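The structure appears below as C-alpha coordinates.
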Amino acid sequence: MKKEIKEWLVAIIVAVVLITIIRSFLFVSFTVDGLSMDPTLEDGDKVVVNKFMDSFTEYETGDVIVFNSEKGPAYVKRVIGTPGDTVRMEDKQVYVNGEPLEQDYVTHTEDSYMDNFTLADMGVEGDTIPEGTLLVLGDNRPVSRDSRDFGLVDQSEVIGEVQLRFWPLNDISVNFD
(Lines give C-alpha, C1' and ligand atoms only; values in the text may rest on other atoms or scores of the structure.)
Protein backbone atom coordinates (compact mmCIF):
# COMPACT_ATOMS: atom_id res chain seq x y z
CA MET A 1 0.00 0.00 0.00
CA LYS A 2 2.82 2.43 0.87
CA LYS A 3 4.52 1.68 -2.44
CA GLU A 4 1.32 2.47 -4.37
CA ILE A 5 0.82 5.78 -2.51
CA LYS A 6 4.44 6.69 -3.19
CA GLU A 7 4.00 5.93 -6.92
CA TRP A 8 0.86 8.10 -7.05
CA LEU A 9 2.62 10.98 -5.31
CA VAL A 10 5.56 10.79 -7.71
CA ALA A 11 3.16 10.72 -10.70
CA ILE A 12 1.26 13.75 -9.39
CA ILE A 13 4.47 15.70 -8.72
CA VAL A 14 5.82 14.89 -12.21
CA ALA A 15 2.49 15.97 -13.76
CA VAL A 16 2.50 19.27 -11.85
CA VAL A 17 6.11 19.97 -12.85
CA LEU A 18 5.38 19.18 -16.53
CA ILE A 19 2.27 21.37 -16.55
CA THR A 20 4.24 24.21 -14.96
CA ILE A 21 7.03 23.90 -17.54
CA ILE A 22 4.58 23.74 -20.46
CA ARG A 23 2.59 26.76 -19.26
CA SER A 24 5.71 28.78 -18.42
CA PHE A 25 7.81 28.13 -21.49
CA LEU A 26 5.84 26.47 -24.28
CA PHE A 27 2.10 27.07 -24.56
CA VAL A 28 -0.65 28.97 -22.79
CA SER A 29 -4.37 29.22 -23.41
CA PHE A 30 -6.01 32.58 -23.93
CA THR A 31 -9.64 33.66 -24.20
CA VAL A 32 -10.46 36.25 -26.86
CA ASP A 33 -12.19 39.23 -25.28
CA GLY A 34 -14.02 41.56 -27.62
CA LEU A 35 -14.90 41.94 -31.26
CA SER A 36 -11.67 43.40 -32.68
CA MET A 37 -10.62 40.19 -34.46
CA ASP A 38 -14.01 39.28 -35.98
CA PRO A 39 -14.51 37.28 -38.14
CA THR A 40 -11.18 35.46 -37.63
CA LEU A 41 -11.56 35.10 -33.86
CA GLU A 42 -14.77 35.89 -32.01
CA ASP A 43 -15.48 37.03 -28.47
CA GLY A 44 -15.14 34.02 -26.15
CA ASP A 45 -13.02 31.89 -28.50
CA LYS A 46 -10.29 29.98 -26.69
CA VAL A 47 -6.91 29.73 -28.36
CA VAL A 48 -3.52 28.18 -27.72
CA VAL A 49 -0.61 30.62 -27.82
CA ASN A 50 2.83 29.28 -28.71
CA LYS A 51 5.34 30.99 -26.41
CA PHE A 52 8.24 28.74 -27.41
CA MET A 53 8.61 29.83 -31.05
CA ASP A 54 9.06 33.45 -29.95
CA SER A 55 12.66 32.59 -29.11
CA PHE A 56 13.51 31.12 -32.51
CA THR A 57 11.57 32.96 -35.20
CA GLU A 58 10.71 36.48 -36.20
CA TYR A 59 7.08 37.49 -36.45
CA GLU A 60 5.83 37.98 -39.98
CA THR A 61 3.06 40.03 -41.54
CA GLY A 62 -0.17 38.10 -41.06
CA ASP A 63 0.77 36.35 -37.81
CA VAL A 64 -1.88 36.59 -35.09
CA ILE A 65 -0.23 37.34 -31.75
CA VAL A 66 -1.14 37.94 -28.11
CA PHE A 67 0.70 40.67 -26.25
CA ASN A 68 0.56 42.41 -22.88
CA SER A 69 -1.09 45.79 -22.77
CA GLU A 70 -0.43 48.73 -20.50
CA LYS A 71 -4.14 49.52 -20.75
CA GLY A 72 -5.47 46.31 -19.22
CA PRO A 73 -5.69 42.66 -20.23
CA ALA A 74 -3.63 41.15 -23.03
CA TYR A 75 -4.65 41.88 -26.63
CA VAL A 76 -4.88 39.59 -29.64
CA LYS A 77 -4.10 41.31 -32.97
CA ARG A 78 -2.63 40.63 -36.41
CA VAL A 79 0.94 41.67 -37.24
CA ILE A 80 0.86 44.08 -40.18
CA GLY A 81 4.35 45.58 -40.07
CA THR A 82 7.70 44.29 -38.82
CA PRO A 83 11.01 46.07 -38.20
CA GLY A 84 12.25 47.82 -41.33
CA ASP A 85 8.82 47.91 -43.02
CA THR A 86 7.08 51.05 -44.21
CA VAL A 87 3.32 50.94 -43.57
CA ARG A 88 0.48 53.28 -44.41
CA MET A 89 -3.27 53.03 -44.84
CA GLU A 90 -5.08 54.95 -47.55
CA ASP A 91 -8.79 54.56 -48.35
CA LYS A 92 -9.09 51.41 -46.21
CA GLN A 93 -6.16 49.76 -48.05
CA VAL A 94 -3.00 48.95 -46.11
CA TYR A 95 0.30 49.28 -47.97
CA VAL A 96 3.41 47.49 -46.68
CA ASN A 97 6.65 48.55 -48.34
CA GLY A 98 4.59 50.28 -51.04
CA GLU A 99 2.63 47.14 -51.98
CA PRO A 100 -1.09 46.70 -51.18
CA LEU A 101 -1.62 44.09 -48.49
CA GLU A 102 -4.14 41.38 -49.36
CA GLN A 103 -6.55 41.28 -46.41
CA ASP A 104 -9.39 38.83 -47.04
CA TYR A 105 -9.88 38.56 -43.27
CA VAL A 106 -10.69 42.26 -42.68
CA THR A 107 -14.15 43.55 -41.77
CA HIS A 108 -14.93 46.78 -43.64
CA THR A 109 -17.73 49.23 -43.03
CA GLU A 110 -18.33 52.78 -44.08
CA ASP A 111 -17.74 54.10 -40.55
CA SER A 112 -14.21 52.98 -39.66
CA TYR A 113 -12.19 55.38 -37.56
CA MET A 114 -8.73 56.44 -38.69
CA ASP A 115 -9.02 54.93 -42.14
CA ASN A 116 -5.88 56.74 -43.25
CA PHE A 117 -2.62 56.66 -41.30
CA THR A 118 1.13 56.77 -41.70
CA LEU A 119 3.88 55.75 -39.32
CA ALA A 120 4.40 59.43 -38.52
CA ASP A 121 0.76 59.57 -37.30
CA MET A 122 1.77 56.94 -34.72
CA GLY A 123 4.71 58.97 -33.50
CA VAL A 124 7.34 56.94 -35.37
CA GLU A 125 10.44 58.90 -36.29
CA GLY A 126 11.66 58.03 -39.75
CA ASP A 127 10.01 56.05 -42.50
CA THR A 128 10.30 52.51 -41.15
CA ILE A 129 9.19 50.49 -38.16
CA PRO A 130 12.06 50.50 -35.63
CA GLU A 131 13.85 47.35 -34.50
CA GLY A 132 12.14 45.55 -31.64
CA THR A 133 8.63 46.78 -32.49
CA LEU A 134 5.60 45.59 -34.47
CA LEU A 135 2.62 47.34 -36.01
CA VAL A 136 -0.59 45.44 -35.24
CA LEU A 137 -4.18 45.86 -36.38
CA GLY A 138 -7.41 44.06 -35.56
CA ASP A 139 -9.32 42.34 -38.35
CA ASN A 140 -12.51 44.18 -37.40
CA ARG A 141 -11.01 47.59 -38.12
CA PRO A 142 -14.08 49.73 -37.30
CA VAL A 143 -14.02 48.71 -33.62
CA SER A 144 -10.44 47.60 -33.05
CA ARG A 145 -8.11 49.32 -30.61
CA ASP A 146 -4.74 48.66 -32.16
CA SER A 147 -1.53 50.40 -33.27
CA ARG A 148 -3.65 53.22 -34.71
CA ASP A 149 -4.67 53.94 -31.11
CA PHE A 150 -1.75 52.92 -28.88
CA GLY A 151 1.20 52.89 -31.28
CA LEU A 152 3.71 50.19 -32.05
CA VAL A 153 4.02 47.11 -29.83
CA ASP A 154 7.36 46.38 -28.21
CA GLN A 155 8.33 42.79 -29.06
CA SER A 156 9.27 42.19 -25.43
CA GLU A 157 5.54 42.49 -24.62
CA VAL A 158 4.56 39.70 -27.04
CA ILE A 159 3.38 36.57 -25.24
CA GLY A 160 3.36 34.45 -28.40
CA GLU A 161 1.66 33.52 -31.64
CA VAL A 162 -1.85 32.08 -31.79
CA GLN A 163 -1.49 28.53 -33.12
CA LEU A 164 -4.85 26.89 -32.49
CA ARG A 165 -8.47 27.79 -31.74
CA PHE A 166 -9.89 24.96 -29.65
CA TRP A 167 -13.18 26.50 -28.54
CA PRO A 168 -15.90 26.43 -29.68
CA LEU A 169 -15.41 22.83 -30.74
CA ASN A 170 -17.24 23.31 -34.05
CA ASP A 171 -14.71 26.04 -35.01
CA ILE A 172 -11.40 24.31 -34.25
CA SER A 173 -8.80 25.75 -36.61
CA VAL A 174 -5.05 26.23 -36.97
CA ASN A 175 -4.57 28.65 -39.87
CA PHE A 176 -5.23 32.37 -39.28
CA ASP A 177 -3.42 33.88 -42.30
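The values are calculated or read from the model by the stated rules, or taken from the named source; none is laboratory data. This one's a predicted model, so the numbers in the text were calculated from it and none came from an experiment. Reconstructed Cβ throughout: ideal geometry from the backbone, glycine too, with neighbour counts over all protein chains shown.
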* To do: Please enumerate the residues belonging to region 44-77 that are surrounded by fewer than 16 Cβ atoms within 10 Å (Cβ to Cβ) and either among the polar types (S, T, N, Q) or at pLDDT 85 or above (or both).
  => Ser55, Thr57, Glu60, Gly62, Asn68, Ser69
* Under 8 Å between Cβ atoms, at least 6 apart or on separate chains: pull out the pairs that start in region 85-100 with a residue that is over 11 Å from Leu119 (Cα atoms) and end on any residue that is in a loop (DSSP other than H, G, I, E, B) and of a type in the set (A, V, I, L, M, F, W, C). => Gln93/Leu101; Val94/Leu101; Tyr95/Leu101
* Criterion: modelled with pLDDT under 85, in contact with an Asp or Glu (Cβ under 9 Å, 6 or more places away or on another chain), crowded, with 21+ Cβ neighbours inside 10 Å and of a type outside the set (Lys, Arg) - qualifying residue of Asp115, Asp139 -> Asp139
* Residue that is modelled with the highest pLDDT [pool: residues in region 78-112 that are of a type in the set (A, V, I, L, M) and in contact with a Gly (Cβ under 7 Å, 6 or more places away or on another chain)] -> Val79
